[in-house]
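Here's the structure, in structure tokens; my notes come after.
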Amino acid sequence: MRTSNMFVRSLGVYVPESVSVEHAVREGWYPAEEAEKFRQLGAAVAGDMPAPEMARRAVVDAYERYGESSPKELDLLLYPSVWHQGPNGWQPQHYLQKHLLGGPVPAFEIRSGCVGMISSLELAASYLMAVPERQTAMVVSSDNHGTPLVDRWRMTPGALIGDAAAALLLGKDHGMAQLLSVNATVIPEADAVNDGAYPLFPPDATVGVGLSFGDRHEEFRQRLLKKQGTGIHLTIQKTMMQQVEQTLDEAGIELSDITKVALPHGRREDLDGQMSWLGIDEDQTTWDYGRRVGHCGAVDQFIAFEHLLATGGLVAGDHLLMVGFGSGTSCAAAVFKVIKEGPRA
């Protein structure tokens, strides 16, 4: 979707301190051989801070960082999330309504996995473009994975799981960056990639079953091998490539115009494949930052965006391509043009 007159007014984050891989190895949480093999450096760990409180801090950071007025003036708030946010039957966006927004600002939780921030941008931009009087929308996401059902050091072989929050204020007419294009789609035939062949009822979390993507991916791989159906992986890659091509075309630029590419914080072997089909080098990616904080749910590309702005990795005139994958399977892409530099770290 080409986004006309749509700008990032502000971008805020809350990223807790990282626990190093060296510490995790000493404590027996992480195998030393995997530390050497996969080259991860650490994971951001939020302790017992609730995800919605992390989200609140990211929103406050967004408003303070670029001198925005008040979240009470929002026309829409979208809260994509990946992991459990609080009590069953409770929704996290209401925490932000109570502590920040006040009033009847429309607010919704979005469940679209790790592409949630990017896909919510598409929804938010559509909402603002539909009615001239609507001026601003907030997309905020947060996850604290430090619960008994997740082992952040072993849940995904080759990657670590971190905790973080990001908040992006989208608006019209002006901003620190322009959103040129954004697209999200799903691949229905890949629905079972992460289901682990578990029954849909009762939901596994309600009966205390832990989450291991490594086990689930291996189960799916074995299932495909038995049915000679490994072509689904080619379908996923082809769909993602088409998504990137469409997004760049709508943005009116070429891949050669892209300064940086923000990818999910994951395994090095996945990065090699992504660099290969994009035709980019490691220094054009956010790999070095990602391996210091871990895969933080739906916010990876956005905390990396803030990091690039804060450290001079992106300056006025540069273009950023975001690429996202989510369980289900879903994929998304977005292109931004930096207009002005933000506060430096």
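The values are calculated or read from the model by the stated rules, or taken from the named source; none is laboratory data. Nothing here was measured: the structure is a model prediction, and the numbers come from that model. Positions of Cβ are generated from backbone atoms using ideal geometry, with glycine treated the same way; all protein chains shown enter the neighbour counts. With ligands, DNA and RNA removed, areas are computed over all heavy atoms of the protein, side chains included. Shrake-Rupley method; radii C 1.70, N 1.55, O 1.52, S 1.80 Å.
Among the residues of the range 56-105, count how many are part of a strand (DSSP E or B) and either surrounded by 22 or more Cβ atoms within 10 Å (Cβ to Cβ) or more than 21 Å from the chain's Cα centre (by Cα) (or both).
Number of matching residues: 4.
Of the residues G266, G214, G210, only one is open to solvent by less than 40 Å² (accessible area, probe 1.4 Å), at pLDDT below 85 and not in a helix (DSSP H, G or I); which? Give the steps one after another, and end with the answer.
Numbers: G266 fails: at pLDDT below 85; G214 fails: not in a helix (DSSP H, G or I).
Going through G266, G214, G210 in turn, the sole match is G210.
Any residue in the range 22-41 that is closer than 16 Å to R267 by Cα and touching a residue at least 40 places away in the same chain (Cβ under 8 Å) sitting within a Cβ distance under 6 Å of a residue that is outside any loop (DSSP other than H, G, I, E, B) and of a type in the set (G, A, S)? List the pairs, counting only those 6 or more apart or interchain.
Y30/A24
So, in the range 227-262, how many residues would count as being β-branched (V, I, T) and modelled with pLDDT of 90 or more? If you could, list the steps in order and put the result at the bottom.
Initially, the range 227-262 is screened for residues β-branched (V, I, T), giving 230, 232, 235-236, 239, 244, 247, 253, 258-259, 261.
Subsequent filtering for residues that are modelled with pLDDT of 90 or more retains 244, 247, 253, 258-259, 261.
Number satisfying all stated conditions: 6.
Give the residues of the range 52-69 that are under 16 Å from G297 (Cβ atoms) and touching a helix residue (DSSP H, G or I) at 6+ places or on another chain (Cβ under 9 Å), sorted by residue number.
P52, E53, A55, A58
Which residues, taken from the range 104-123, are over 18 Å from S330 (Cα atoms) and out of contact with any helix residue (DSSP H, G or I) (no Cβ under 8 Å at 6 or more places or on another chain)?
Narrowing the range 104-123 to residues over 18 Å from S330 (Cα atoms): 104-108.
Passing the criteria: P104, P106.
Give me a count of the residues in the range 106-123 that are over 17 Å from I187 (Cα atoms) and either assigned to a loop (DSSP other than H, G, I, E, B) or of a type in the set (A, V, I, L, M) (or both). Give the derivation first.
Let us first name the residues in the range 106-123 that are over 17 Å from I187 (Cα atoms), namely 106-110, 117, 120-123.
Now narrow it down to the ones that are either assigned to a loop (DSSP other than H, G, I, E, B) or of a type in the set (A, V, I, L, M) (or both): 106-107, 110, 117, 121, 123.
Final tally of qualifying residues: 6.
Just to verify a result, which residue in the range 38-55, among those that are open to solvent by less than 10 Å² (accessible area, probe 1.4 Å) and part of a helix (DSSP H, G or I), is nearest to G158 (Cα to Cα)?
Only one residue fits best here, namely A51.
Give all pairs with beta carbons closer than 7 Å in which a residue from the range 133-158 that is under 22 Å from V21 (Cβ atoms) and without any contact (Cβ under 8 Å) to a residue 60 or more places away in the chain meets a residue that is polar (S, T, N, Q) and in a loop (DSSP other than H, G, I, E, B); count only pairs at least 6 apart in sequence or on separate chains.
M155/S212
Could you list, in sequence order, the residues of the range 127-175 that are buried (at least 20 other Cβ atoms within 10 Å of the Cβ) and among the aromatic types (F, W, Y)?
Matches in the range 127-175: W153 only.
Considering only residues of the range 176-203 that are of a type outside the set (A, V, I, L, M) and at pLDDT 95 or above, which is surrounded by the fewest Cβ atoms within 10 Å (Cβ to Cβ)? I'd like the intermediate steps shown before the answer.
If we filter the range 176-203 for residues that are of a type outside the set (A, V, I, L, M), which is where we start, we get 178, 181, 183, 185, 188-189, 191, 194-196, 198-199, 201-203.
Next, from what is left, pick out any that are at pLDDT 95 or above: 178, 181, 183.
On the way: Q178: 18, S181: 23, N183: 21.
Going through the qualifying residues, I end up with Q178.
State the number of residues belonging to the range 281-300 that are crowded, with 19+ Cβ neighbours inside 10 Å and assigned to a loop (DSSP other than H, G, I, E, B).
Total satisfying the criteria: 3.
So which residues in the range 274-302 are without any contact (Cβ under 8 Å) to a residue 60 or more places away in the chain and of a type outside the set (A, V, I, L, M, F, W, C), if there are any at all? Full working, then the answer.
Pass one, the range 274-302, residues without any contact (Cβ under 8 Å) to a residue 60 or more places away in the chain: 274-290.
Once the filter is applied, which keeps residues that are without any contact (Cβ under 8 Å) to a residue 60 or more places away in the chain and of a type outside the set (A, V, I, L, M, F, W, C), the range 274-302 yields Q274, S276, G279, D281, E282, D283, Q284, T285, T286, D288, Y289, G290.
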